[in-house]
Amino acid sequence: MPELNRRDFLALAAVPMVLPQRGAAPRAARTGLQVCMHEASSERFDFRAAMEGYAKGGVRLVEPNLLKVREFAQKEGGPAAAKRLLDDLGLRPASSSNQLFLMEPGEQRLKSIEELKWKVELAQAIGADRLVTPSAGTGNYTLDDYKRGVDNMREAAEIAKPFGITLMLEFARTSRFAGSLPTALKLVRETNHPNYRVMMDTYHFWGGISKFEDLELLHDGELHHLHFEDVPADPPRELQGQPDRKFPGEGIAPLRRIIEVLKAKKYAGAVSFETFNPEVQSTDPSQVAMRVRKAIEPLIG
């Protein structure tokens, strides 16, 4: 090999050297719709096993359960160990999960605020920039409760702001407070805070009281995150619970039509699969990830 002269050497030295991490897959860029795995789908496994399985299954976006992350961090030397594991596996946390009872007035809210404080700090430490806040209210609410709910959301957003975390209101079909997309949009828009956005779960959307036409209420770029599952034909929707969620394409929800509308509304982010089916939660995470990819990738193009 010919010897480098000084000019060639300096030119070569100016080029940054990027060495791939051992065993790491390419990092996923935040462009376009991408398959994501919610860690609830592997509830019977610890954080390491779930993340290693998802990476092996070819998924690059994950939605870690912060309780599982904390357990791992306590055993392995802190949050930096969890971040290092994700980095070594080539995984990026597209979101994190979750915190209940932040917007609904009630006795549970004070505890929820305290839990939120450590969760936003941990989410930041592992490289996440958002956190799901589902509505789970079961009370008999008044219009004044919704005004207080907006104030509650602003307070929570201020807690998340210093950590660079965006909270996301997830409406739920079983919630008596925010059970539909229109209500979620109303609350988020009235909160009017950059650290509170709206997200959607297709199981709650199609299996609840929302209508397909409600998707047209979304402003371009307004949807911040998406959970993506199917709704079964049986049992009747009135009897369905969280474990009844189906893999995309195995139910009756018009998922391809929903995706096309969301694309038109400029959604370009994670398409995250979340299930509470005990059988799936006990299955090897790599097998679940491969099955999820096979189900979702044809639908998102």
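The values are calculated or read from the model by the stated rules, or taken from the named source; none is laboratory data. Everything numeric in this text was worked out from a predicted model, so none of it was measured. No Cβ is skipped: glycine too gets one built from the backbone with ideal geometry, and neighbour counts run over all protein chains shown.
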Would you mind stating whether Leu19 is of a type in the set (A, V, I, L, M, F, W, C), outside any loop (DSSP other than H, G, I, E, B), at pLDDT below 95 and surrounded by fewer than 11 Cβ atoms within 10 Å (Cβ to Cβ)? no
From Glu279, Glu216, which residue is among the acidic types (Asp, Glu), within 22 Å of Met37 (Cβ to Cβ) and out of contact with any Pro (no Cβ under 7 Å at 6 or more places or on another chain)? Glu279
Counting only residues that are assigned to a helix (DSSP H, G or I) and farther than 25 Å from Met199 by Cα, how many does segment 74-108 have? 12
Does Ile258 count as among the β-branched types (Val, Ile, Thr) and in contact with a Ser or Thr (Cβ under 7 Å, 6 or more places away or on another chain)? yes
Residues of segment 113-160 classified as farther than 16 Å from Tyr196 by Cα and either of a type in the set (Ser, Thr, Tyr) or not in a helix (DSSP H, G or I) (or both), total: 9
Just one of Leu33, Leu61, Leu67 is surrounded by fewer than 20 Cβ atoms within 10 Å (Cβ to Cβ), within 20 Å of His227 (Cβ to Cβ) and at pLDDT 95 or above; which is it? Leu67
Can you find a residue in segment 95-105 that is crowded, with 23+ Cβ neighbours inside 10 Å, within 21 Å of Lys186 (Cβ to Cβ), out of contact with any helix residue (DSSP H, G or I) (no Cβ under 6 Å at 6 or more places or on another chain) and not basic (Lys, Arg)? yes
Return the residues of segment 62-73 that are in a helix (DSSP H, G or I) and either over 19 Å from Val132 (Cβ atoms) or of a type outside the set (Val, Ile, Thr) (or both); say none if nothing qualifies. Leu66, Leu67, Lys68, Arg70, Glu71, Phe72, Ala73
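Here are some residues: Gln74, Gln124. Which one is farther than 20 Å from Val188 by Cα, crowded, with 16+ Cβ neighbours inside 10 Å and of a type in the set (S, T, N, Q)?
Only one candidate qualifies: Gln124.
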Looking at segment 238-261 only, could you name the residues that are within 18 Å of Ala295 (Cα to Cα) and either among the small types (Gly, Ala, Ser) or touching a residue at least 60 places away in the same chain (Cβ under 8 Å) (or both)? Gly249, Gly251, Ala253, Ile259
